[in-house]
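Here's the structure we're looking at; comments come further down.
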Amino acid sequence: MRIAVRYYSRGGATEKVAKAIAREAGERALATDKPLEKKADILFIGSGVYKGHIDGHVKAFIEGLTPDKVGKAVFFSTAMLGGGHSDEEVRKLLAEKGISMDTRTFHCHGKFLFFHRGHPDEKDLLDAEIFARKIIKK
Ligand SMILES: Cc1cc2nc3c(=O)[nH]c(=O)nc-3n(C[C@H](O)[C@H](O)[C@H](O)COP(=O)(O)O)c2cc1C
């Protein structure tokens, strides 16, 4: 089974989570400016949440996907508050490309101003690894 991890991270929080997921998958986490070269049976795709939305780079990456390149997508994010509506935003964008998204998603806090300093922390990253393990096993 081939696994790919793509993310966009303005401040580094989502990158940390992407790397934890990639470590578990035995793959490298790459930014969304790196298109998929081969088919991914599972594509983990992550973004920070900015003003309630995923980053435009992630939207552009999804726009460039084709159903023959992705078995299924799995979304993860970091945010000050939580995933918000980002799950549904990503699910809709993927559906428009004919790609299904797993119902399971991963979210954790990322630091923002004075809030959630130190996040994602060790436990967040361990949770991300456990999440990835469960997805990859099923
Ligand atoms: C410009 C900006 C807007 C943000 N808007 C939101 C938001 O609407 N909701 C939220 O929960 N967090 C918001 N945040 C916090 C980010 O989601 C959080 O810091 C996240 O971990 C950033 O990920 P990154 O470090 O990978 O860029 C915002 C952060 C920035 C810089």
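Quick look at the numbers
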| quantity | calculated |
| --- | --- |
| Computed FRET value (nearest 0.05) for Lys34 with Thr66, which takes r as the C-beta separation and R₀ as 22 Å | 0.90 |
| 1.4 Å probe accessible area per residue over the chain, in Å² | 55 |
| Arg23/His53 FRET efficiency (R0 22 Å; Cβ-Cβ; nearest 0.05) | 0.20 |
| The chain, accessible surface, carbon-and-sulfur percent (1.4 angstrom probe) | 54 |
| Debye intensity ratio I(q)/I(0), log10, the chain, q values 0.19, 0.21, 0.22 Å⁻¹ (C-alpha model) | -1.04, -1.29, -1.43 |
| Relative contact order of the chain, pairs being alpha-carbon contacts under 8 Å that are 6 or more residues apart, as % | 25 |
| Rounded to the nearest 10 Å², the accessible area of Val70 at probe 1.4 Å | 10 |
| For peptides 109-122, 18-31, sequence by mean Cβ density within 10 Å, most packed first | 18-31, 109-122 |
| Backbone N within segment 54-92 under 13 Å of label point (7 Å from Asp102 Cα along the Cβ vector) | 71-77 |
| Part-to-part distance (alpha-carbon centres) for segment 70-138 and segment 2-19, which is given in Å | 10 |
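The values are calculated or read from the model by the stated rules, or taken from the named source; none is laboratory data. Bear in mind that the values here come from a model prediction, so they are computed numbers and not experimental data. With ideal geometry, Cβ positions are generated from the backbone for all residues, glycine too; neighbour counts draw on all protein chains shown. Ligands, DNA and RNA are excluded from the accessible area calculation, which covers all protein heavy atoms including side chains. Shrake-Rupley method; radii C 1.70, N 1.55, O 1.52, S 1.80 Å.
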